Amino acid sequence: MNVRKALGLIQTYGAVNAAVQAIEKSVRSGRRHICIREETSSDGRSGGKIIPEVLQAENFGLEDAAGAEGCGRRVSVVFVVHRYFPDSCGGTEQFARNLALEMKKRNHNVVVCAYSEDESHRYTCRSGGILWREGKPDGIPVLYFRRERPRSNLIKDIESEGRDYADFVRALRERFKPDVFHFTHLSRVSGLAQYCRQQRIPYIVTITDFFALCHYSVYMRRDGHLCGGSRGGRMCMEACKCRTACLEGRYERSIKILSSALAVTAPSRFVADIFKREMPGLGIRVVPHSVKTISCAVNSASGEEIGRFLYVGSLTPEKGIRTLLKAFRGMPESCSLKIYGSGRQGYVKKLRKAAAGDGRIVFAGTAGHETIEHAYLDADCVVIPSEVPETYCMVLHEALASGRFVVASRIGAIPEAVAEGRSGLLFEPGNAGDLLEKMLASLNLKNTEHRDLDPLSEIRTYLGIYGRICQGESSRNAYTSGEEGTAV
């Protein structure tokens, strides 16, 4: 981490809280994935405790959201993101960017509001207690903002109110005249969501991970097991030893934000089912993310072995790259593995050391969209070895859209998209032996599942939601006894 980034973190969260977050990320979070490996025996077989049956998603398919119609008029939307390009480029940021670009193509008004961790002097404007500056990546107005004064537990907590945002929201509404605020995450920006709720400003929420339920966003206990339920926040203290104050209060604040939204969406049935179980009565609509369909010829393995394997994604412990490297040692000499992605320098160094001496493995670093598209086309099989629940997995869907065969973990939302034996094979997360078996089996298989992917289904669905809000047809999301209105 460079000095400027460190100063920005200290100014944003305060010295003590910035240090606590660093320890949580590098020590405690890492411990979760060490526990996964410790649960796996020397022969690669898992003890079976890691993946509770209750969390296994069925293969629901990717059905389009029904009844999605265009809203019929120009709308104005503010997308609120916890981080954004170029500072961060994860799946949530990509989702917000893609949706904003599609809206702009259709001549709608869009602006992205992204929480930032820059040093104070880099912000050019102040609205009340909020510092902000404007950028325009991809031709879309982006307001990078943060609180002027550090706020404790900002990353992990759900705030109770958002009075600090009054002047900032007023300036936003005067300039951009938004019909609706669309929150794509609640970390760092929950105070803004609370202000919209308290002022009855129209907003919707897309649940892109488990942050509203879990401090760590992964729905995974500290001992490496998947969470069986937060029990209103009580399990966070018992199983994860969370020290954030008012855990049950955090859960109740999440409920208030979600139940007051005019719509709540999720990218997979897996995510929607967990939130419905945790928050009975919450109305959630499943809207799968759209991916670009790459024009290509489906690989043709007609009896001949194929062996060009590809990994694309973050180089972090929860992504299972160490399991992949261990499994790949057993593959034939003719096979190759190309790894795209970046991560913390120390962890990447460990991965390179684990792969040292095997010339078949190439760490290709980070790359742009066009390079990754070509990487998909050059690969015979894409491997997704995740060891924590994926809420959607953009890489998986991009690989399938490219006609590639996949070998992926049987975890989270992944099984929803994989037609086993036709478009891919599933293996037990963290089990290098099972992964090796499936990778060997993939050598003579090809993707025969020709799905008609509609890259516009997502934008049509959201335009329909925005349109109903503009026409005043949506009321607040129902929760519990009906006092919060009717679900969309």
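Quick note: the coordinates plus some simple rules give every number you see, no bench work behind them. The model shown is predicted, which means the values in this text are computed figures rather than measured ones. With ideal geometry, Cβ positions are generated from the backbone for all residues, glycine too; neighbour counts draw on all protein chains shown.
Figures for the structure shown
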item: Rounded Å value of the spacing that divides the Cα centres of region 250-289 and region 162-218; result: 15
item: Karplus 3J(HN,Hα) series, Hz, for region 228-239 with 6.51 cos²θ - 1.76 cosθ + 1.60 (x for Gly, Pro); result: x, x, 7, 6, x, x, 5, 5, 4, 7, 6, 8
item: Label-reachable residues, region 183-205, where backbone N falls under 19 Å from a point 7 Å from ARG468's Cα toward its Cβ; result: 183-184, 201-205
item: Other-chain or far-sequence residues with amide H under 5 Å of VAL80's (modelled H); result: CYS113, HIS182, PHE183, THR184
item: Cβ-Cβ FRET estimate between CYS125 and SER314, R0 fixed at 25 Å, reported to 0.05; result: 0.15
item: Ranked SER217, SER423, criterion: other C-beta atoms within 10 Å, fewest first; result: SER217, SER423
item: Rounded to whole Hz, the Karplus (6.51, -1.76, 1.60) HN-Hα couplings of region 316-332, x for glycine and proline; result: 10, x, 5, 7, x, 5, 5, 5, 4, 4, 5, 5, 5, 4, x, 7, x
item: Inter-probe distance in nm under a simple model that places probes 7 Å from Cα toward Cβ, at ASP358 and GLU252; result: 5.2
item: Efficiency of FRET between ARG329 and LYS136 - r from beta-carbon atoms, R0 51 angstrom, step 0.05; result: 0.60
item: Inter-probe distance in nm under a simple model that places probes 7 Å from Cα toward Cβ, at SER88 and THR448; result: 4.3
item: Packing-based exposure ordering (other Cβ within 10 Å, fewest first) of ARG269, ARG308, ARG73, ARG422; result: ARG73, ARG422, ARG308, ARG269
item: Vicinal HN-Hα couplings computed from phi for region 159-170 (Karplus, 6.51 cos²θ - 1.76 cosθ + 1.60; Hz; Gly/Pro x); result: 6, 8, 7, x, 4, 4, 8, 4, 5, 5, 5, 4
item: Least to most buried among PHE145, PHE275 (fewest other Cβ within 10 Å first); result: PHE275, PHE145
item: Potential extension, ARG163-HIS374 segment - 0.36 nm per residue separation minus Cα distance; result: 71.2 nm
item: Candidates per GluC sites (Glu not before Pro) in region 130-201, loop by DSSP, up to 13 other Cβ within 10 Å; result: GLU161
item: Over 21 Å between alpha carbons, listed pairs LYS319/LYS438; LYS326/LYS349; LYS241/LYS353; LYS326/LYS438; result: LYS241/LYS353
